[in-house]
Amino acid sequence: MARSDQEKETAGAGAASETPDRRAQDSLTRGAPRFYAVLCVDDDPMVALGTCAMLQELGHRVTTLFSAEHALQVIRSDAPIDLVITDHAMPGMSGTELARHARELRPGLPIILATGYRDVSCRAVPGMVRLDKPFRLEKLAAVIAAVVGQTRRDRIPVA
């Protein structure tokens, strides 16, 4: 069954009630701006939507795309993007290739390469950070805080 490229944009959770889980999430991102416009790219819809759900739980605004080519179109546009999280192994264009193009178009854009392949290196794209699949919410939050802190210390977040 052929799957067409789709885009799903959703707003992050608003002011959630204070719970132990929410306080733990807040502590993971303390010291870095909390809400970002995130471009999430994965050709597997189940993985993409799972990552999207975790990002929303952390309070981010997420645009989910199912191909690197479509993501590149969005990156070329003037759409607000604070962070890209991309799968590596995708048909047509790999996540590493997408990251190279994204870095040319938006040099300071933080990029996370999410992959389960052990032999994939992030050295090809300076500043790109690896996130091993599968990952938990806590690891995702920590990697986001690290990569955004590394590349965007002076940028105002998208609320």
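Derivation of every value follows stated rules applied to the coordinates shown; laboratory data play no part. The structure presented is a predicted model; accordingly, all values stated were derived computationally and were not measured. Counting neighbours? That spans all protein chains shown, and the Cβs are built from the backbone with ideal geometry, glycine included.
Contour minus end-to-end for Ala146 and Arg76, with contour as 0.36 nm per residue of separation and end-to-end as the Cα-Cα distance?
Extending this stretch completely gives an extra 22.7 nm.
Would you please state the base-10 log of I(q)/I(0) at q = 0.10, 0.14, 0.25 1/Å for segment 44-141, with intensities from the Debye formula using one equal scatterer on every alpha carbon?
Scattering profile of segment 44-141, log10 relative to I(0): -0.23, -0.48, -1.67.
How charged is the neighbourhood of Ala114? Take every other residue with its Cβ under 14 Å from the Cβ of Ala114, and add Lys/Arg as +1 and Asp/Glu as -1.
0
Full-extension gain between Arg136 and Arg106, please, as 0.36 nm times their residue separation minus the C-alpha to C-alpha distance.
Separation in residues times 0.36 nm, less the Cα-Cα distance, equals 8.0 nm.
Quote the convex hull volume per residue of segment 100-145, based on C-alpha atoms, as a whole number of Å³.
Dividing the Cα hull volume of segment 100-145 by its residue count gives 72 Å³.
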